[in-house]
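Beneath this line is the structure, given in structure tokens, with notes to follow.
The values are calculated or read from the model by the stated rules, or taken from the named source; none is laboratory data. Because the structure is predicted, anything quoted here is derived from the model rather than measured. No Cβ is skipped: glycine too gets one built from the backbone with ideal geometry, and neighbour counts run over all protein chains shown.
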There are 2 protein chains.
Amino acid sequence: MSLTINDIARLAGVSKATVSRVINNGKTVDPKLRDNVLSVIEQVNYRPSALARGLVKNESNLIGIIVPEIANIVFGVMLEGVSKVAEIYGYDIMLSLTEKSTKKEIHYLNLHRDKQVDGIILSSRSLKKEHIEIIERFEIPCVLIGQKSSVPGIPSVHLDNFSASYEAVKTLIRFGHRKIAMIRAPLDDGESGDERFRGYATALADEGIQFEDDWISVSDFSAAEGYVAMKQIIESGFQPTALFAASDKIALGAMNYLQDQGYMIPRDISIFGFDDMDVTELVRPKLSTVHYSSIEMGMTAFRNLIKLIKKEEIPAQHTNVPHQIILRDSVVRHVS
Amino acid sequence: MSLTINDIARLAGVSKATVSRVINNGKTVDPKLRDNVLSVIEQVNYRPSALARGLVKNESNLIGIIVPEIANIVFGVMLEGVSKVAEIYGYDIMLSLTEKSTKKEIHYLNLHRDKQVDGIILSSRSLKKEHIEIIERFEIPCVLIGQKSSVPGIPSVHLDNFSASYEAVKTLIRFGHRKIAMIRAPLDDGESGDERFRGYATALADEGIQFEDDWISVSDFSAAEGYVAMKQIIESGFQPTALFAASDKIALGAMNYLQDQGYMIPRDISIFGFDDMDVTELVRPKLSTVHYSSIEMGMTAFRNLIKLIKKEEIPAQHTNVPHQIILRDSVVRHVS
DNA sequence: CTGTTAGCGCTTTCAG
DNA sequence: CTGAAAGCGCTAACAG
């Protein structure tokens, strides 16, 4: 077994209170004693138990991250952001994956509380009563990432999905496109999926363009589904001159379908993605897309969480991460 | 504050020992008492503190994962594998990122021990004396992932990088290629980078092909560096008919360079990658590559870790995850 | 400035 | 089958 504070106290010939003091750079400890204790600690390589410490201080220096998946690069990068700042603040990370299951979200919310995490960063499509109950009952500092939160006390960090999509579609329109298809996120994907669609719809409406049902297809965020969704649109008979996809992966899948069918991109159809994953520059033509910084999102989420934990400063209920329109080769002016 | 076991005891009119017993489905507890306690727990939504429990039981149901990065999809998927099995066994995951820094690896190894993780899955380029010291001193069950371990008691889960590369290059040779370039991993990337190179070298040697220094270039695992590495090879004057890249990302970068220079792929140069990331099917031409299952790797690593933790069964020192050669459009027969 | 003494919330002998 | 008591490793008053 490991050495305990008692062992150190004995070895250094002091009380464990003193050892505790030097460990915590406690107030005034006689320099000689301190040096002595320190050298003993050094020699035997003593490390205090975070568990015991957490138990009495009622804090763990652990924060929880609950996200649907991690194989998705967007979440991976987000997590790197959180991790970077967490490291600076001396927090460790407990990670749980939910596969978008509300049940698992609840399950892990509870589990994280059991482990006494000091706070949680949660990515959920929508906060249900059950989420809120747990968070409020146990007073767990919590920030929502990726979706807008409407719950006071639970701030969120996210994109302005509406504006981003609006601008993307406006850009297509400015390039002379009017017959613009969209592959949107599943209807149950939460607020951000809806907002992207709303941006699309509003941009068209503002230009007096009326879209039909068959301009729109639904897809989860995979390339495979994007492929199918594009197929659906084309087979419906609609001939768009441009496509706005709710994610880069969808866009790539769609692009693949079109290329497989002999369409030339962007000559026949312009394509606009969302996310700016690194593959956007690796595919040909390079993909136009909406850029935002996932890492920034993660960092901001953590910073807000810290504010919540320290109770020093109340973070804004909503924090927007900036976005930019990135024009690459997949979009060209439409000539009629 | 949260309710404690004492509250429950009081509320249920029993001793906390009894409450503890029912929580742990302890031996025989009078059914009436048990039901009573259970209903109280249910009613007030009591959840025992994992910290306190961990302190006395000397286990945390936490396992640590220490990897260089997570934005890299390979690690992301690995982590999903670990997570999937961990969930079944009721373990939570503490995650730390090291950016390949040995110092950070050591740092987090210590930190994880402090938090009393029951075991650690570590991805490190090579185990130094310092790693081993910590692991052995504190008797932390630990499995190495992605690299072969030569330390008894620290088993590893990894690919047979040598064979995989050997087979890939043999495949190119079988397709009539002899002037085969390679972009390899950095020299300090550890054993698996070396093995991939050795596979390449051996395959050529076995066919009596002598390669020169300018056939080889070095790149980290990014597309940007792959681009530069390919440029280097071409500008050296060597005209390969095929390229074997140590990763898909490198391959894609290289492909981009070649395409930018007007080369036609695969007509002018065949390309072989490694990893089978999902983009391999999204780019044109689709990339030939070495496939293996990162998720399987993660799952296997966890299973081995559990064996180590439970001390029931000693896991094999080395566990190989199977690989396969995937031929796609980026490789064609060379016609001289 | 230092040691003694209580706990933090839980499990686990050990009696009964 | 149940309760009392000790203790996991640490911190935090409180005296001295």
Suppose the filter is part of a strand (DSSP E or B) and crowded, with 20+ Cβ neighbours inside 10 Å; does residue B:143 pass it?
yes
Please specify each residue of the stretch A:90-106 satisfying the condition of being part of a helix (DSSP H, G or I) and within 9 Å of another protein chain (Cβ to nearest Cβ).
A:104
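When you check residue A:70 against the structure, is it within 16 Å of DNA strand C (Cβ to nearest atom), within 28 Å of residue B:98 (Cα to Cα), in contact (Cβ under 8 Å) with a residue 12 or more places away in the chain and not assigned by TED's automatic domain parsing to the domain that holds residue A:248, yes or no?
No; evaluated as a whole, the condition is false for this residue.
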Looking at (1) among the small types (Gly, Ala, Ser); (2) touching a His at 6+ places or on another chain (Cβ under 7 Å); (3) modelled with pLDDT under 95, can you tell me which one residue B:193 breaks?
(2)
Checked against (1) more than 9 Å from every other protein chain (Cβ to nearest Cβ); (2) closer than 20 Å to residue B:245 by Cβ, residue B:142 satisfies every condition except (2)
Give me the residue from the stretch A:68-89 that is more than 24 Å from residue A:280 (Cα to Cα) and within 9 Å of chain B (Cβ to nearest Cβ) and, out of that set, surrounded by the fewest Cβ atoms within 10 Å (Cβ to Cβ).
A:84
Please state which one of A:279, A:332, A:321 is over 30 Å from residue A:124 (Cα atoms) and hydrophobic (A, V, I, L, M, F, W, C).
A:332
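Would you point out the residue of the stretch A:1-37, among those that are hydroxyl-bearing (Ser, Thr, Tyr) and at pLDDT below 85, that is nearest to DNA strand D (Cβ to nearest atom)? Give the derivation first.
Of the residues in the stretch A:1-37, the ones hydroxyl-bearing (Ser, Thr, Tyr) are A:2, A:4, A:15, A:18, A:20, A:28.
Keeping just the survivors that are at pLDDT below 85 gives A:2, A:28.
On the way: A:2: 7, A:28: 11 Å.
Ranking the candidates gives A:2 first.
Residue B:65 - would you say it is more than 10 Å from DNA strand C (Cβ to nearest atom), within 9 Å of chain A (Cβ to nearest Cβ) and not in a loop (DSSP other than H, G, I, E, B)? Show your work before the answer.
Details: more than 10 Å from DNA strand C (Cβ to nearest atom): yes; within 9 Å of chain A (Cβ to nearest Cβ): yes; not in a loop (DSSP other than H, G, I, E, B): yes.
It is true that residue B:65 is more than 10 Å from DNA strand C (Cβ to nearest atom), within 9 Å of chain A (Cβ to nearest Cβ) and not in a loop (DSSP other than H, G, I, E, B).
Please specify each residue of the stretch A:309-323 satisfying the condition of being farther than 23 Å from residue A:181 by Cβ and under 18 Å from the mean Cα position of the chain (by Cα).
Step one: of the stretch A:309-323, the residues farther than 23 Å from residue A:181 by Cβ are A:309-322.
Once the filter is applied, which keeps residues that are farther than 23 Å from residue A:181 by Cβ and under 18 Å from the mean Cα position of the chain (by Cα), the stretch A:309-323 yields A:315, A:316, A:317, A:318, A:319, A:320, A:321, A:322.
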Would you mind stating whether residue A:15 is free of Cβ contacts under 8 Å to residues at least 12 places away in the same chain and within 26 Å of residue B:58 (Cβ to Cβ)?
yes
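Conditions (1) at pLDDT 95 or above; (2) under 30 Å from residue A:279 (Cα atoms); (3) in a strand (DSSP E or B), marked per residue:
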{"site": "B:120", "(1), (2), (3)": "yes, no, yes"}
{"site": "B:134", "(1), (2), (3)": "no, no, no"}
{"site": "B:139", "(1), (2), (3)": "no, no, no"}
{"site": "B:147", "(1), (2), (3)": "no, yes, no"}
{"site": "B:152", "(1), (2), (3)": "no, no, no"}
{"site": "B:166", "(1), (2), (3)": "yes, yes, no"}
{"site": "B:170", "(1), (2), (3)": "yes, yes, no"}
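Give B:32, B:100 a once-over and let me know the one that is away from DNA strand C (no atom under 14 Å from the Cβ), in contact (Cβ under 8 Å) with a residue 24 or more places away in the chain and not assigned by TED's automatic domain parsing to the domain that holds residue B:280. Talk me through it step by step, then tell me what you get.
Values: B:32 fails: in contact (Cβ under 8 Å) with a residue 24 or more places away in the chain.
Checking each option against the conditions leaves just B:100.
In the stretch A:309-336, how many are part of a loop (DSSP other than H, G, I, E, B) and hydrophobic (A, V, I, L, M, F, W, C)? Lay out the reasoning, then the answer.
Going through the stretch A:309-336, the residues part of a loop (DSSP other than H, G, I, E, B) turn out to be A:311-317, A:322, A:327-336.
Filter once more, keeping what is hydrophobic (A, V, I, L, M, F, W, C): A:314, A:316, A:327, A:331-332, A:335.
Selection size over the stretch A:309-336: 6.
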Restricted to the stretch B:38-56, and to residues that are surrounded by fewer than 17 Cβ atoms within 10 Å (Cβ to Cβ) and within 8 Å of DNA strand D (Cβ to nearest atom), which residue is farthest from residue A:113 (Cα to Cα)?
B:56
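When you scan the stretch B:183-292 for helices (runs of 4 or more DSSP H) that lie fully inside it, which ones turn up with 2 or more residues that are in contact (Cβ under 8 Å) with a residue 60 or more places away in the chain and more than 14 Å from chain A (Cβ to nearest Cβ)?
B:191-206
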Looking for something within 12 Å of DNA strand D (Cβ to nearest atom), modelled with pLDDT of 90 or more, within 30 Å of residue B:69 (Cα to Cα) and within 37 Å of the chain's Cα centre (by Cα) - is there at least one such residue anywhere in the stretch A:62-77?
no
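So which of B:10, B:53, B:21 ends up being within 16 Å of DNA strand C (Cβ to nearest atom) and within 13 Å of chain A (Cβ to nearest Cβ)? Full working, then the answer.
Details: B:10 fails: within 13 Å of chain A (Cβ to nearest Cβ); B:21 fails: within 13 Å of chain A (Cβ to nearest Cβ).
Going through B:10, B:53, B:21 in turn, just one is within 16 Å of DNA strand C (Cβ to nearest atom) and within 13 Å of chain A (Cβ to nearest Cβ): B:53.
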Determine whether residue B:306 is out of contact with any Cys (no Cβ under 6 Å at 6 or more places or on another chain), assigned to a helix (DSSP H, G or I), in contact (Cβ under 8 Å) with a residue 40 or more places away in the chain and of a type outside the set (Asp, Glu).
yes
Looking only at the stretch B:301-320, decide whether some residue is within 13 Å of chain A (Cβ to nearest Cβ) and surrounded by 20 or more Cβ atoms within 10 Å (Cβ to Cβ).
no
All positions within the stretch A:234-245 that are surrounded by 17 or more Cβ atoms within 10 Å (Cβ to Cβ) and over 12 Å from residue A:179 (Cα atoms):
A:234, A:245
Going through (1) modelled with pLDDT under 90; (2) more than 7 Å from DNA strand C (Cβ to nearest atom); (3) part of a helix (DSSP H, G or I) one by one, residue A:40 fails only at (1)
Being crowded, with 20+ Cβ neighbours inside 10 Å and in a helix (DSSP H, G or I), is that true of even one residue in the stretch A:24-37?
yes
